[in-house]
1. Find all pairs meeting these conditions: Cβ atoms under 6 angstrom apart; at least six residues apart or on different chains; first residue within the stretch B:389-412 and among the hydrophobic types (A, V, I, L, M, F, W, C); second residue assigned to a helix (DSSP H, G or I) and surrounded by fewer than 22 Cβ atoms within 10 Å (Cβ to Cβ).
2. Every residue in the stretch A:415-441 that is in a helix (DSSP H, G or I), within 11 Å of another protein chain (Cβ to nearest Cβ) and either basic (Lys, Arg) or closer than 26 Å to residue A:566 by Cα (or both), please.
3. Which of the residues that make up the stretch A:550-567 are over 12 Å from residue A:398 (Cβ atoms), touching a strand residue (DSSP E or B) at 6+ places or on another chain (Cβ under 9 Å) and of a type in the set (Gly, Ala, Ser)?
4. Could you count how many residues in the stretch A:285-295 are in contact with a helix residue (DSSP H, G or I) (Cβ under 8 Å, 6 or more places away or on another chain), outside any helix (DSSP H, G or I) and free of Cβ contacts under 8 Å to residues at least 12 places away in the same chain?
5. Whether any residue in the stretch B:22-42 is within 9 Å of chain A (Cβ to nearest Cβ) and either crowded, with 20+ Cβ neighbours inside 10 Å or in contact with a Gly (Cβ under 8 Å, 6 or more places away or on another chain) (or both) is what I want to check.
6. Give the stretch B:411-457 a look and list any residue that's among the acidic types (Asp, Glu) and in contact with a Ser or Thr (Cβ under 9 Å, 6 or more places away or on another chain), or say none.
7. Checking the condition in a helix (DSSP H, G or I), more than 9 Å from every other protein chain (Cβ to nearest Cβ), within 30 Å of residue B:281 (Cα to Cα) and not aromatic (Phe, Trp, Tyr), which residue from B:54, B:60 passes?
8. Scanning the stretch B:245-270 for residues that are within 7 Å of another protein chain (Cβ to nearest Cβ) and among the small types (Gly, Ala, Ser), which turns out farthest from the chain's Cα centre (by Cα)?
Amino acid sequence: MSDPRVNASSDPTADPTADTTADPAEVRAVLRLAQPPVRRFAPGLAAGVLSALFAVALLASSAWLITRAAEQPPIMFLSMAVVGVRAFALGRSAFRYLERLAGHDAAFRQLADLRLGVFARILPLAPAGLGGTSRGDLLSRLVRDVDDLQDFPLRVVQPLATAGILATLSVFGVWLVLPAAGLTLALSLLAGGLLAALASTVLSARSERRLAPLRGTLAGEVLEVVENLDVLTAFGALDARLAGLATADDRLRRAALRRSLGVGVQGAVLSLFAGLATVGALWVGIPALSGPVGISGPGFAVVVLVPMAVFEVFGMIPLALGVWRQVRSSAARVASAVPTVVPVEIPVEPAEAGISVTSALSARPVLELTNVGARWPGSRALAVSGVTLRLAPGDRVHLAGPSGAGKTTLAQTLVRFLDYTGSYRLDGVEARTLAPAEVRGRVGLCEQRPWLFDDSIRQNLLFARETATDGDLLAVLDRVGLGEWAAQRGGLDARVGERGALVSGGQAQRIALARALLADFPVLIVDEPTANVDEAQGERLVRDILVTARQDGRAVLLISHTPVPDDLITARVVVPGPVIRPADPAS
Amino acid sequence: MRPFDPRLLRYASAARWFLSVGALLGLAQTVIVIAFSWLLSQSITLAVTGASQTDLASTTAALAGVVVVRAALVWLLEVAATRGAAQVKSQLRRQVLERVSERGPDWLSIRASAGVSTLVTQGLDALDNYFARYLPQLLLAGISTPLLILVMLWQDLPSGITVIVVLPFIPVFMVLIGQATQSVQRRQWESLQRLSTGFLDLVGGLGTLKIYGRDRRQFARVRTITEDYRARTMKVLRVSFLSGFVLELVASLSVALVAVSIGLRLVDGSLALGVGLFVLLLAPEAFLPVRQVGAQFHAAADGLAAAEEVFAILDETETETETETETETETATGAAPAEPRAASTPAAAPAGRGHADAGALRFEHVSIRRGTDAPVHDFSAVFRPGELTVVVGPSGAGKSTLVAALQGFIPFDGRILLNGVEQTPGTPRPWLAWAGQRPGLFQGTIADNLALGDASVDRGTVTRSLECAGADDLDPATMLGVAGEGLSGGQAQRVAAARALYRAETHDCAVVVLDEPSSALDEAAEGTLVAGLHRLATRGRIVIVVSHRPALRDAADQIVALSEVAHV
């Protein structure tokens, strides 16, 4: 057990029940993020209801007009109906346009709030609390799922509300003409709606629940193949891997086919009940034509034909129910990927936890560790333990230790991405009582795998010190040995590519170092700076870091498995590894 | 954008299947619509003129029968559409991945990996809408609409003529929809892709942003990105919805025109009620598929845009030069060729040393051009069995490019010969075991990772290889997450090196190449690795290590130095 994260990182997509275990209250909270407020939502809904009503009214008034005309009345008795037919035809299209425009605009405006809401939940967890989510899964979860939540107001709430309101109004209207026909319509709508919902639950919900994780698995597989194409080709494993991918593809396709049967049944059920409602209205209407209560011929035509128009609007329901299930499992996955309850291993900002911050730190604090240990969320074992060291202004300490001993874990702990056991004091103040952001204001980290944003070199540096001029940026690039390189690439505007694809590993490391130097942290943790940098430059780099630190009085904790010249450092500490290995000769 | 891209039929046989099945079902549906409308209008007419329930019993029963058949057809068409979509997506996905694997890592490296994987997963899923909601309606518009108009013409000429007069507006508006949405739709797809990487970029870099205290400021950026997305999309939607609006208006108004005209002719007695009702019921049905095509167009266009991007990958010709110029526009290098460089050391001696070269790997005047840049120029060297060669040189000196050429991933000038046999780009390298700078591990156990490409795992060799790479502290049964998650950087690197050693042993590879295998190793682990590499070499293999570590350099039998890139 060299790294407890091995345990914590079991693939979440492998568990088919993952999205059903999310707390319903959390799922509702995510869905609330997606639903626009009433004032933004109401205009679209009103336009939708009017458009649907006009569609029904167009058929009703046309039917009335024709049947009444067949009785050959004076033409003036028809003029109202003629006007109505034309007005309903115009109004129906106009309101439909307004509905779609207003509905989409509201949903898109809500997307910003939705993304921000999700982002706010990610924020306290990152980066240590997101370790269990692989990159391919992150991609599918936080982009696709969040974007899919947009369908909630647009393709679930809106059509269901429209269909419900229209059905109620139509049943009432038909009931006024002929109560028995109103009753058959109401019964058909109820039975059709319930059966369609039942069909969808029984037939397709289960396979749909399987669909999202299968998609996640496929996305992970695709990403592994696409990103490691060189490895797979070199090892002759590509064909086998593509075959494995085909299997994942097959499973997804089969689940999709099962789902198709369910969706189809819902549509068929509604079509069936639309027909039955028409036949039923016909059947109860015929005796009423000659009966004591009595309806006119035109009235009869209206009650027979209106159910068709109502069911046409009702046809949106199967689609909306299908989208609803997708939206709900997306919401569940968002809720479980970014829980609102931050794991205990991750320190929270006092503003979020209600802790009051007691002290302000000096500009150059003394950092002291006594028997510090740390663990990753979801793991019981400590990834690093028993670290004791002191780092005063001007100190330059080399932290050595075998690979897997938890050196990087310690680095993450010192910038308060992870909580600790033992004692970690800045100026004698226990770090736990300080806001993590305040600690990070003094203690900076140069990560082992620096993240470069898909932007220009300038933007990748500037966020470290926003007031920096181009001159400052070029100077710091010079200092980390990138001056010439940046000039060759066309200066600060050169792009670094997606995840730094256009720069080499060593160059990425240097850009990250340049950022750390720009931010001018009084205490700087440098995690394996010479990995992927050639030896001569690596030595120069380490020398630059340590010499400038000496000049600036900056305290540096240099984490490196490679030896560091004794004249550059003030102390050397070895992290005790969890596995017994030969002692590092450098110590 | 065309409403239908014929390349769909070429690349996805399932699309052909769906079109034939869908056409049959569409035809059946049209017949059923006509039967339903005729039976219903007859029933209403007879009832109004005094028929009783018993008179109408058989008509009503027939109507109920038609209703049942109609429901079955609705079901079948939807099942066919969903099946078609699932099959087509799967066919296209496999072809893209096959093509990507044929074109190789070098071709792929110029494309954002997230872009390609988004395209074949999320992008292609947009085809669901295209198949489920758009294509069936397109079929019905081609089959049902003309048939229904013919029936109307036969039953009531003026109504049929009204529809025929109005109908030409629809292709006009279809063209308008096509033109107006074409460019904007494509922009939306691109912005979706940008957003997909943009939001991920932000979340992935959140740790870095936190270190610099910039995490909370990203709220504004998220809002800006999303607002930009909304503004872009609404611009598209206003146009595409407007076309849809005109389309619906034409359909509704023609129903109104037909209804009013029938009404007026009924008043003067020139038309029978039954015919009037029949035509009134057919008129909206004739326009329904056309309206649906318009309404679903914007939903379908996303899928079609993704499909077109897939077709672009599948269509792409085999010329390498195009892709290379694309990459190089980013780096803005000078056009002047690089200075001749490389190769001091004994190995750079002229070729042709007779029998001493038996089994040797020989580079003869190898030059590699990347657009206007030439990272490797006129490189010659000989690597002999039984020797450990260390390749040194500063960053950017073309060390990894040279390895990629050896692997056959990139084209080069000059020759690479193994035991006198020329090795051309793009051919398999069964004689080569390699570990790259990136570990490139996979989901599965460490043992599975070592035996990559093999059907079975040889436990003994796994243990030996891990030991040899200084990774014997790792349990071979440890499960790794997607992309080898769960190991530290150094651990992953040692496993990757062990994987190359495992392959060298199980496949008896003549050449072993490790690219920076020890950059994340401590000295003890590095010592173990060096000893292991020596053992490999003494067993008659050619061992090449790209490294700048002194321990490896000291252990080398031969050192090949690549000089700094000569930039002008």
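The values are calculated or read from the model by the stated rules, or taken from the named source; none is laboratory data. In this text, all values refer to a predicted model and were calculated from it rather than measured experimentally. FYI the Cβ positions are ideal-geometry reconstructions off the backbone, even for glycines, and counts take in every protein chain you see.
1. Between residues of the stretch B:389-412 that are among the hydrophobic types (A, V, I, L, M, F, W, C) and residues that are assigned to a helix (DSSP H, G or I) and surrounded by fewer than 22 Cβ atoms within 10 Å (Cβ to Cβ), the close pairs are B:390/B:553; B:409/B:104.
2. Selection gives A:440 alone.
3. A:555
4. 1
5. Yes, that holds for at least one residue.
6. Across the stretch B:411-457, the qualifying residues are B:413, B:454.
7. B:54
8. B:269
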